[in-house]
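**Q** After the structure tokens below, expect a handful of questions from me.
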Amino acid sequence: MNVGLTCDVVVVGAGMVGAACALYAARAGLDVILVDRGPVAGGTTGAGEGNLLVSDKEPGPELDLALLSGRLWGELAREFGAAIEYEAKGGVVVASSPGGLAALERFAEGQRAAGVVAEPVAGDTLYDLEPHLAPGLPGGVHYPQDRQVMPALAAAHLTRASGARLLTGRTVTAVLRTRDGAVRGVRTDRGDIHAPAIVNAAGTWGGELAALAGAHLPVLPRRGFVLVTEPLPPRKVRHKVYAADYVADVASDSAALQTSPVVEGTAAGPILIGASRERVGFDRTFSLPVVRALAAGATRLFPFLTDVRAMRSYLGFRPYMPDHLPAIGPDPRVPGLHHACGHEGAGIGLATGTGHLIAQALTAPGKTPDLDLTPFRPDRFTEEAA
Ligand SMILES: Cc1cc2nc3c(=O)[nH]c(=O)nc-3n(C[C@H](O)[C@H](O)[C@H](O)COP(=O)(O)OP(=O)(O)OC[C@H]3O[C@@H](n4cnc5c(N)ncnc54)[C@H](O)[C@@H]3O)c2cc1C
């Protein structure tokens, strides 16, 4: 006889977003089970980078979520700090031409109006911030609120601190529903879990999980490669540094390959070089042209990297939604189903705000949440538009 487990809420997906949902839901007093078909951080969380950025976001709901998330990361840093390799290092966005700098400064002006600290940096001051940048750059913008964590460690520590029951190696195969359609749990390949609420934190596979509950959610994979150098002495690259055209790439709807240089040091020593974006399904084939383009972009920004060896590269699939916004909150089509997925290239940064808002929706559904969830509504897509 399969008696099954019982709890207040099942969180499906033990990536960064699921871990944050589990933490905030448990701290709000709920009995949580966190279930994943693989290990903690075995999805995109273990295959990306850990920048917590406000700098690349234009004014709007995603930036509001990033600012909320940044405040919450700051609180968690006091608790987890070095264990999750949290560094409030700041970001520097670099322009390569006077025209590019003017556009970057206009972008920063809008961000400042929305509450972002964005400090213009003239050409010579740029080299005080980043002494090893290529000579002759016209300037950039410094974003002190940009930070960094190590995503797999952050997901693991938040999961452990949540006290949630963690069930790894279990695939959710069905969503159990009452006769009137409300959620009553999930079926897994190793037994049922009964709960009146589910959080879909299945990342790039969030659309599949939604479909198990009969709900349409167009989450698509957007592939990205990361190039990892040999370990270097600290402070060769002091901030998260990227070229101004990165922002346009992030916002682009094109399925074609885009690369723009993003360079960051890590606590462990290697430098991580991104960022590529392309929609090629779940194709895991190594691409030399993409990795070459990443290396070329990074050495244009930091010429000393020409003499540094690349040790390896890896890839991941960002959970892409057609309007570049995640799905967060209750699904009006399926009572009890909540979504917390589709954060594309920002799911590490946005995880804390998402977890906090999901906990609010679960525990005080009638109350106004700290952020308006309307832009994140999971039912905002029609099937034809996907
Ligand atoms: C190259 C690259 C660089 C990136 N850089 C950054 C960055 O600097 N900053 C940033 O904020 N973000 C970055 N991202 C994006 C970030 O990694 C993702 O947005 C984030 O990891 C998504 O987390 P998640 O928890 O939603 O999904 P995931 O980590 O993918 O977790 C989803 C989990 O759900 C599980 N699952 C799915 N279906 C089922 C099922 N049926 N049953 C049980 N379990 C299931 C999966 O096994 C998986 O573990 C980057 C991504 C890439 C690819």
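**Q** Counting only residues that are within 6 Å of the ligand (Cβ to nearest atom) and either crowded, with 24+ Cβ neighbours inside 10 Å or not small (Gly, Ala, Ser) (or both), how many does segment 10-49 have?
**A** 15
**Q** Mind checking which residues of segment 79-120 are in contact with a Leu (Cβ under 8 Å, 6 or more places away or on another chain) and either over 16 Å from residue 54 (Cβ atoms) or without any contact (Cβ under 8 Å) to a residue 24 or more places away in the chain (or both)?
**A** Correct list: 80, 83, 84, 85, 94, 95, 96.
**Q** Looking at segment 335-349, I want the residues that are at pLDDT below 95 and have a partner that is in a helix (DSSP H, G or I) with Cβ atoms under 6 Å, at least 6 apart or on another chain. Which pairs are those?
**A** From segment 335-349, no pairs qualify.
Let's see how each residue does on (1) within 28 Å of residue 175 (Cβ to Cβ); (2) touching a strand residue (DSSP E or B) at 6+ places or on another chain (Cβ under 7 Å); (3) buried (at least 22 other Cβ atoms within 10 Å of the Cβ):
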residue	(1), (2), (3)
281	yes, yes, no
295	no, yes, no
308	no, yes, no
332	yes, no, no
335	yes, yes, no
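**Q** Moving to a separate point now. I'm checking my understanding of the structure. Among residues of segment 37-61 that are out of contact with any helix residue (DSSP H, G or I) (no Cβ under 7 Å at 6 or more places or on another chain) and charged (D, E, K, R), which one is nearest to residue 271 (Cα to Cα)?
**A** 49
**Q** Have a look at 255, 211 and point out the one that is small (Gly, Ala, Ser) and either assigned to a loop (DSSP other than H, G, I, E, B) or in contact (Cβ under 8 Å) with a residue 60 or more places away in the chain (or both).
**A** Result: 255 is the single residue among 255, 211 that is small (Gly, Ala, Ser) and either assigned to a loop (DSSP other than H, G, I, E, B) or in contact (Cβ under 8 Å) with a residue 60 or more places away in the chain (or both).
**Q** Would you confirm, using the coordinates I've provided, whether residue 302 is in contact with a His (Cβ under 6 Å, 6 or more places away or on another chain), closer than 24 Å to residue 226 by Cα and of a type outside the set (D, E, K, R)?
**A** Working: in contact with a His (Cβ under 6 Å, 6 or more places away or on another chain): yes; closer than 24 Å to residue 226 by Cα: yes; of a type outside the set (D, E, K, R): yes.
Considered against the rule, which asks whether it is in contact with a His (Cβ under 6 Å, 6 or more places away or on another chain), closer than 24 Å to residue 226 by Cα and of a type outside the set (D, E, K, R), residue 302 comes out as yes.
**Q** In segment 50-68, how many residues are part of a helix (DSSP H, G or I) and either near the ligand (Cβ under 9 Å from one of its atoms) or out of contact with any His (no Cβ under 8 Å at 6 or more places or on another chain) (or both)?
**A** 6
So that you can scan it fast, the table gives a plain yes or no per residue for (1) aliphatic (A, V, I, L, M); (2) at pLDDT below 95; (3) touching a helix residue (DSSP H, G or I) at 6+ places or on another chain (Cβ under 7 Å); (4) not in a strand (DSSP E or B):
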| position | (1), (2), (3), (4) |
| --- | --- |
| 159 | no, no, yes, yes |
| 166 | yes, no, yes, no |
| 184 | no, no, no, no |
| 226 | yes, no, no, no |
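**Q** Continuing with the same structure: Does any residue of segment 356-373 turn out to be in a helix (DSSP H, G or I), within 16 Å of the ligand (Cβ to nearest atom) and closer than 16 Å to residue 321 by Cα?
**A** no
**Q** Of the residues in segment 162-216, how many are closer than 23 Å to residue 348 by Cβ and either more than 13 Å from the ligand (Cβ to nearest atom) or among the hydroxyl-bearing types (Ser, Thr, Tyr) (or both)?
**A** 5
**Q** Tell me which of these residue 153 doesn't satisfy, since it passes every other one: (1) closer than 30 Å to residue 236 by Cα; (2) part of a strand (DSSP E or B).
**A** Residue 153 satisfies all of (1) closer than 30 Å to residue 236 by Cα; (2) part of a strand (DSSP E or B) except (2).
The values are calculated or read from the model by the stated rules, or taken from the named source; none is laboratory data. Note that this is a predicted model, so its numbers are computed, not measured. A quick note on method: Cβ atoms are made from the backbone with ideal geometry, for glycine too, and the neighbour counts reach across all protein chains shown.
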